[in-house]
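The values are calculated or read from the model by the stated rules, or taken from the named source; none is laboratory data. Just so it is clear, the structure is predicted and the values come from calculations on it, not from any experiment. Note: ideal-geometry Cβ built from the backbone for every residue, glycine included; neighbour counts use all protein chains shown. Ligands, DNA and RNA are stripped out before the accessible areas are found, and what is left, the full protein with its side chains, is counted by its heavy atoms. Shrake-Rupley method; radii C 1.70, N 1.55, O 1.52, S 1.80 Å.
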Amino acid sequence: MYSQKKKNGTIYLDHPAIQTVEAMQQAFISGDTTALKVYLHDDFRAFNGMNSDPEAKGASKSNLLRQSIFWVNNASYLSIERSNGAYPDALHYKKNNDDDIVWVQTWDQLKGVHNNTGVKLDMPIHRLFRVDQDNKILTMITYDDGAVFDGIGEARSIRKNGTLYNEHTNINTVRKMVAALEHGDADKAFSYFAENARFTNLDMPRGESNTLEEEKEGYLGMLNSWDIESIDVVGYPDYLEYEIGNGKVVQSWWDFNIKRKSDDKKVSIPVLLIHDFNDDGEIIREAGYYTMSAMAK
């Protein structure tokens, strides 16, 4: 009626093998190859746990020493620490363990910045280590996010990611939308947006956004207290068509010049607008880089 249970060793919270593993990792990221040699067995091998090649031979002790020097020379602010709330385990198996091997498993966070590209490293790493009875590391198996390293490789070369336009129908849409706002024509201004469009600005908490109706209501409410004297373009808008993600984005810069009805106080608000478009030429998202705090003073 009950499933059978059978112990196969002991899990340790504290163990000399854990101390060796963590000291080895700190020696690796600091480029201390002298200490690193001491922690590694002469027959040491390092494997990528994400590599599906059954014939993989792994990296040797000398390979790992060179990797340590490479990272110290090519990255800044390197650190590796236990992941928040995690701690390593040492597992001593009974079955088929005549060599008295201890397995250590760790969960860490690797951080740093690649010197040449500026790509930020901030990723979890899970590792398994085989440690012999002399406290020498025989094997290291690493599971990490290889996409981060792919990003470093891609950043080393120059590649285009689409086309930049200074004139385009989507730019014309933004111009017409802003012109309608300037003249108080809310119906026309918001007709250029898709029904499910979302709106954000610097006064809103991250993650929050307005619906089309909420944004229109806010605009009409502002007109009760303020007159729009002019909305003047600064420089010229750009339209960017991205290859990655098929993004269609217009970014434009404006000075919103308004006057308060109660006392004729004039305010000029610098605004950066970023509009995302769908394939039908409708605006689906507006990110407004402006703050209304000047109006409240």
Cleavage-rule hits, chymotrypsin sites (Phe, Trp or Tyr not before Pro), segment 66-137, DSSP coil, Cβ neighbours within 10 Å at most 12: none
Cα-Cα over 28 Å, subset of Lys37/Lys111; Lys5/Lys57; Lys160/Lys188; Lys120/Lys216; Lys5/Lys61: Lys5/Lys57; Lys160/Lys188; Lys120/Lys216; Lys5/Lys61
Inter-centroid distance (Cα atoms) of segment 105-137 relative to segment 69-90, Å: 5
Rounded if a/c under 1.5, otherwise prolate or oblate - segment 50-100, Cα gyration tensor axes: oblate
Contact order normalised by residue count of segment 76-209, Cα under 8 Å, 6+ apart, percent: 15
Shape category assigned to segment 1-67 from the gyration tensor of Cα positions, a/c cut at 1.5: oblate
Distance between segment 236-297 and segment 173-200 - C-alpha centres, whole angstrom: 11
Pairs of alpha carbons in the chain whose separation is greater than 32 Å (percent): 53
Spatially proximal lysines relative to Lys7 (Cα-Cα < 27 Å; intrachain offsets below 8 disregarded): Lys94, Lys95, Lys136
Expected-Rg normalisation [2.2 N^0.38 Å, Cα atoms] applied to segment 43-161: 1.22
Solvent-accessible area of Asp53 with every protein chain in place, 1.4 Å probe, in Å² to the nearest 10: 80
Per residue value of the accessible surface for segment 233-297 (all protein chains in place, 1.4 Å probe), Å²: 55
Separation in nanometres of the label points that stand 7 Å from Cα toward Cβ, at Val72 and Glu167: 5.9
For Met292, solvent-accessible area (1.4 Å; no DNA, RNA or ligand), Å²: 70
Carbon plus sulfur fraction of accessible area for the chain, probe 1.4 Å, in percent: 48
